[in-house]
1. Considering each of Ser274, Ser261, Ser299 in turn, give the residue that is closer than 22 Å to Pro39 by Cα, open to solvent by 70 Å² or more (accessible area, probe 1.4 Å) and at pLDDT below 90.
2. Working carefully through the options Thr267, Thr255, find the one that is part of a loop (DSSP other than H, G, I, E, B) and under 24 Å from Leu196 (Cα atoms).
3. Pairs, please: C-beta under 8 Å, at least 6 apart or cross-chain, first residue modelled with pLDDT of 95 or more and in the range 65-85, second surrounded by fewer than 15 Cβ atoms within 10 Å (Cβ to Cβ) and acidic (Asp, Glu)?
4. So Ile178 ticks every box in (1) in contact with a Phe, Trp or Tyr (Cβ under 7 Å, 6 or more places away or on another chain); (2) closer than 25 Å to Ala276 by Cα but one. Which box is left unticked?
5. For the range 186-216, what are the residues that are without any contact (Cβ under 8 Å) to a residue 40 or more places away in the chain and open to solvent by 70 Å² or more (accessible area, probe 1.4 Å)?
6. Looking at Ala42, Ala20, Ala47 in this structure, which one is in a loop (DSSP other than H, G, I, E, B), within 19 Å of the chain's Cα centre (by Cα), buried (at least 22 other Cβ atoms within 10 Å of the Cβ) and modelled with pLDDT under 95?
7. Can you pull out every residue in the range 2-17 that is open to solvent by 10 Å² or more (accessible area, probe 1.4 Å) and either within 21 Å of Gly185 (Cβ to Cβ) or of a type in the set (Asp, Glu) (or both)?
8. Name the residue that is farthest from the chain's Cα centre (by Cα), counting only residues in the range 277-296 that are of a type in the set (Ser, Thr, Tyr) and open to solvent by 60 Å² or more (accessible area, probe 1.4 Å).
Amino acid sequence: MSVPAIETRGLVKRFGNTAAVDEIDLHIPQGGIYGVLGPNGAGKTTAIRMLATLLRPDAGEARVLGHDVFTEPKAIREKIALTGQFASLDEDLTGIENLMLLGRLLGYSSRDAKVRGMTLLDAFGLTEAATRQVKKYSGGMRRRLDIAGSLIVTPQLMFLDEPTTGIDPRSRNQVWDIIRTLVAGGTTILLTTQHLEEADQLADRIAVIDTGKVIAEGTPGQLKAQVGTGALKVRVADPARREEAAEILGRTLMTEVIRESDSAALTVRLEDESRAASALIALQDSGLSVETFALGQPSLDEVFLALTGHKTADEATEGDAPATQEEAA
């Protein structure tokens, strides 16, 4: 049996009095995509930096592909790649020049570095932009080039830290396709995100992290099952009457009603899906017109809200370290 891609016990990192990572236990097998889900300040980036040997843990144990992060950092770095939240590219160089520079640093000859770089640019749909300066790239193009740079040498394990932050939906879907292709080629992915749809679309298993702790772990389906067997989603015809509708649903179903970002939408978690009909009848009897309704599994948004009491979009005090502290560590 192959060794786990990542195994941690009681992993801790503090900055002053703040525990950015607070006794995290993980067991991630090789193969597939493992998602780490949490809001800003949850400790996701700090955890990745420790596992990638860029930051020394304060306590606990961690092994990456069978190697100890304390005593075997060089062996780990030879087998992994890391793409952070912000593209690490030289904007004055062209796309191919960036990749050739990385290739040369990794031991390729000038010719082989160019061949490898052009192969990656072609695979990532960037051939036409190969000789264009990176400062003229769109956000999605920069993100694709940044991931390509991490693949000059194909890693066994790749850390992707919020890879779609700040890019448009079309570019996001392109990055998702790239991630799936990497996994199909045998690379294990650890993906951090605060976008619930991204975790739901990509991850085989998910660890939910809040304030430095793992508060839940499992497949997307298992996490959704913790919230309830179903969810009733209702959109009222008149947004001004949403609060009235929420009161009726809460009273009829005796459960919490979630106000969605859509000013006319409500969601109610259900243990017994058969009760949805009585709730809709109660709305109708009160003269409330329902534009649409749907019954299905709860979303990961609802799971996170149920587990933490707040949404992932809520701004939190950043628990990850400032750059100067990390460099000092």
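1. None of the other options fit; the residue is Ser261.
2. Numbers: Thr267 fails: part of a loop (DSSP other than H, G, I, E, B).
So the residue among Thr267, Thr255 that is part of a loop (DSSP other than H, G, I, E, B) and under 24 Å from Leu196 (Cα atoms) is Thr255.
3. Close Cβ pairs (under 8 Å, with a partner that is surrounded by fewer than 15 Cβ atoms within 10 Å (Cβ to Cβ) and acidic (Asp, Glu)) amount to Asp68/Glu61.
4. Only one criterion is unmet by Ile178, namely (2).
5. The one that is without any contact (Cβ under 8 Å) to a residue 40 or more places away in the chain and open to solvent by 70 Å² or more (accessible area, probe 1.4 Å): Gln201.
6. Values: Ala20 fails: in a loop (DSSP other than H, G, I, E, B); Ala47 fails: in a loop (DSSP other than H, G, I, E, B).
Ala42 is the lone residue from the list that is in a loop (DSSP other than H, G, I, E, B), within 19 Å of the chain's Cα centre (by Cα), buried (at least 22 other Cβ atoms within 10 Å of the Cβ) and modelled with pLDDT under 95.
7. Result: Ser2, Val3, Pro4, Glu7.
8. In the first step, residues of the range 277-296 are kept if they are of a type in the set (Ser, Thr, Tyr); the result is 278, 286, 289, 292.
Now drop any that are not open to solvent by 60 Å² or more (accessible area, probe 1.4 Å), which leaves 289, 292.
On the way: Ser289: 37, Thr292: 30 Å.
Out of the qualifying residues, it is Ser289.
The values are calculated or read from the model by the stated rules, or taken from the named source; none is laboratory data. Computed from a predicted structure; not experimentally measured. Virtual Cβ from ideal backbone geometry, glycine too; neighbours counted across all protein chains shown. Note: accessible area is taken over every heavy atom of the protein model, side chains too, but ligands, DNA and RNA are not part of it. Shrake-Rupley method; radii C 1.70, N 1.55, O 1.52, S 1.80 Å.
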